[in-house]
Amino acid sequence: MPERDIQFLCDLAAQLRVDSIRCSTAAGSGHPTSSMSAADLMTVLFARHLKYDFDQPDAPLNDHLIFSKGHASPLLYSLYKAAGAISDDELLTFRKRGSRMEGHPTPRLPWVDVATGSLGQGLPVGVGVALAGRLERLPYRVWVLCGDSELAEGSIWEAVEHAGQEGLANVTLIVDVNRLGQRGPTRHGWDTGAYARRFGAFGWHTIEIDGHDPGEIDFAYSDAGNTRRRPTVILARTRKGEGVNEVENREGKHGKPVKDAERAISELGGPRDVTVTVARPGDGRGPRSFEGGSLKLPEFELGGQAATRSAYGEALTAVGAAMGQVVALDGEVADSTKAEEFAKAFPERFFECYIAEQQMVAAAMGLQTRGWAPFAATFAAFLTRAHDFIRMAGVSGSDIRLVGSHAGVAIGEDGPSQMGLEDLAMMRAVYGSTVLYPCDANQTAALVAELASAKGVCYLRTTRGDTPVIYPPGENFAIGGSRVLRRSPEDRATIVAAGVTVHEALAAADRLADEGVAVGVIDLYSVKPVDEAALREAAATTGTLVTVEDHRPEGGLGDAVQEAVSDLGPRVVRLAVRNLPGSAEPAEQLADAGIDRDAIVAVVKEL
């Protein structure tokens, strides 16, 4: 590399360090030292290898850069300034109220694909973006910057194995091995060989370099670009706080502004006004797409029996035929969730993530950044493993659809380890989420079609066993709606249920009617958002609501109903799973949990 080019790279790296100090000092908080260690790595990437049009962040041929170590946001924003995407004035609004320059990057910035900062997530999401590139047959590369501390996260190794097994040569992971974590040295310190052996075992091409040598960095990026049939990891030995004696390679400096900013900036050679021209990807073919057609949902005979999980599989296949952007992901349970129907029909659009739920959700997040509409399904209980990814999907504004089957005690003999009893609470708590719990097959099919174009994190809860088909084919079910199944002027109470308990509520209502006690029944299939109007009308007219849910009492259906009507002051009695279930048949499980028809009848009579 010519000496002139090396000098430019050194000047730009120094400027990035200076600007990282300036903006974190202006904010009075932030992570300048973590930014300074990776400055040379990002300088060479932006100046010589990244292909990106900042004026068209959605251009299909753009590379993707994911800062997994999102706390190094001062470096990212300083890069944006150097590339002319933001002004120096905006840079200095770092961490201020109303600023796009948040403490950790989010998609409020158009050049950020997903929110980062919860460590161990950047590479898993990057694998999803790379899978999209393969599906689209586009040559863009996915660059992920992560720290050595987050290599302790299990989600990283789920992603490493997934990328290695898929041979994703379009992924390059850049590890900033600066030796120091938040409270002290990392597990392997500067032993890049220890990391290389682990990555190599998963089939990755490994490169160990001096992360402050522009020539070595440049060679490593070129080597990664020329590697075929396997991903590349660049293990760069760096020094935290590089260039400033006060903080360089010193413990106890993490997450703090430099104390003497003026002296530190002088030590780095003072402020500069260096700009970098990032190469644009140029024009080329657009992404491969799949044709759609008319939607013909499956139909289930009124009065028959069908499992909602089976209806999901058939409906997803129908939606996939109608919408070419729909893709499906599995956690090695497609035969149980019935997503295998989609896999048989559209194998190119089906992604097997194996028993790695964090990677499954992350891959869905990555795929949706490129405009795909992912449905990811596993047992409801196992989605709890991926809650942090689901939470960050909400922060990212990701449009993903999660499906949890085998929910509640209704699964029967498998016992409590397989029972999703906390999933409604978990999903309701996610920012901007939608939570649906259908009770029959035709309702399920209609809601799958609704979810295909829904925004945000969406969750569909399905049931293992067959349930009665109570709605005719072709009926519409809006997100945020409900169905009033029983109502009369003589109602003494209203039973509010969803999913499997709807059928118990109907049976209880019929039995009570035979005994001269009239009650209403609401199928609250949309648990978030709820149909407040229907609930409030029932509360005002009957004065008593009985909620019945195959879920823990905390955070589920009962809480959703209580929140909707609390200001009206009705009596709300909540039936939920309060015991620790064992193994038993589904009907026995419902009885033991106190959420079957007998329990409902007893409660209403007592009231």
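The values are calculated or read from the model by the stated rules, or taken from the named source; none is laboratory data. None of the values given here were measured: they were computed from a predicted structure. When we count neighbours, we look across all protein chains shown, and the Cβ atoms used for this are built from the backbone with ideal geometry, even at glycine.
Structural remarks
- Taken residue by residue, segment 147-156 has no member that is farther than 27 Å from Gly255 by Cα, in contact (Cβ under 8 Å) with a residue 60 or more places away in the chain and crowded, with 24+ Cβ neighbours inside 10 Å.
- Contact map, segment 274-292: residues that are more than 23 Å from Ala83 (Cα to Cα) and outside the structural domain of Gln56 (by TED's automatic domain parsing) paired with residues that are surrounded by 11 or more Cβ atoms within 10 Å (Cβ to Cβ) and among the aromatic types (Phe, Trp, Tyr), Cβ distance under 6 Å, separation 6+ or inter-chain. No pairs are found.
- Verdict on Arg263 being part of a loop (DSSP other than H, G, I, E, B), of a type in the set (Lys, Arg), assigned by TED's automatic domain parsing to the domain that holds Gln15 and out of contact with any helix residue (DSSP H, G or I) (no Cβ under 6 Å at 6 or more places or on another chain): no
Matching residues to (1) assigned to a loop (DSSP other than H, G, I, E, B); (2) modelled with pLDDT under 95; (3) touching a Phe, Trp or Tyr at 6+ places or on another chain (Cβ under 7 Å):
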residue	(1), (2), (3)
Leu383	no, no, no
Asp388	no, no, no
Arg401	no, no, yes
Asp414	yes, yes, no
Ala446	no, no, yes
Ser453	yes, no, no
Pro472	yes, no, no
Leu485	no, no, no
Asp491	yes, no, no
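- Every test in (1) surrounded by fewer than 24 Cβ atoms within 10 Å (Cβ to Cβ); (2) under 38 Å from the mean Cα position of the chain (by Cα) is passed by Val502 save one, and that test is (1).
- Residue match in segment 553-576 (condition: surrounded by fewer than 16 Cβ atoms within 10 Å (Cβ to Cβ), polar (S, T, N, Q) and in contact with a strand residue (DSSP E or B) (Cβ under 7 Å, 6 or more places away or on another chain)): yes
- Scanning segment 516-527 for residues that are surrounded by fewer than 21 Cβ atoms within 10 Å (Cβ to Cβ) and touching a residue at least 12 places away in the same chain (Cβ under 8 Å) gives Val517, Ala518.
- Restricting attention to segment 176-210, the residues that are among the small types (Gly, Ala, Ser), part of a helix (DSSP H, G or I) and either under 21 Å from Ala39 (Cα atoms) or touching a His at 6+ places or on another chain (Cβ under 8 Å) (or both) total 1.
- Residues satisfying the stated conditions in segment 525-558, i.e. closer than 16 Å to Gly499 by Cβ and either assigned to a helix (DSSP H, G or I) or among the polar types (S, T, N, Q) (or both): Ser526, Thr547, Leu557, Gly558
- Condition check for Glu348: surrounded by fewer than 22 Cβ atoms within 10 Å (Cβ to Cβ), over 24 Å from Gly397 (Cβ atoms) and under 18 Å from the mean Cα position of the chain (by Cα): no
- Among the residues of segment 151-183, those identified as of a type in the set (A, V, I, L, M) and either modelled with pLDDT under 95 or in contact with a helix residue (DSSP H, G or I) (Cβ under 8 Å, 6 or more places away or on another chain) (or both) are Leu151, Ile156, Ala159, Val160, Ala163, Leu168, Val171, Leu173, Ile174, Val175, Val177, Leu180.
Let's see how each residue does on (1) among the acidic types (Asp, Glu); (2) surrounded by fewer than 19 Cβ atoms within 10 Å (Cβ to Cβ); (3) over 24 Å from the mean Cα position of the chain (by Cα):
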position	(1), (2), (3)
Val160	no, no, no
Asn170	no, no, no
Pro185	no, yes, yes
His188	no, yes, yes
Thr192	no, no, yes
Tyr195	no, no, yes
Phe199	no, no, yes
Trp204	no, no, yes
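- Qualifying residue in segment 225-235 (condition: farther than 15 Å from Ser20 by Cα and free of Cβ contacts under 8 Å to residues at least 40 places away in the same chain): yes
- Tabulated pairs, segment 202-213, first touching a residue at least 40 places away in the same chain (Cβ under 8 Å), second among the polar types (S, T, N, Q) and surrounded by fewer than 17 Cβ atoms within 10 Å (Cβ to Cβ), C-beta under 9 angstrom, 6+ apart or interchain: Phe202/Gln165
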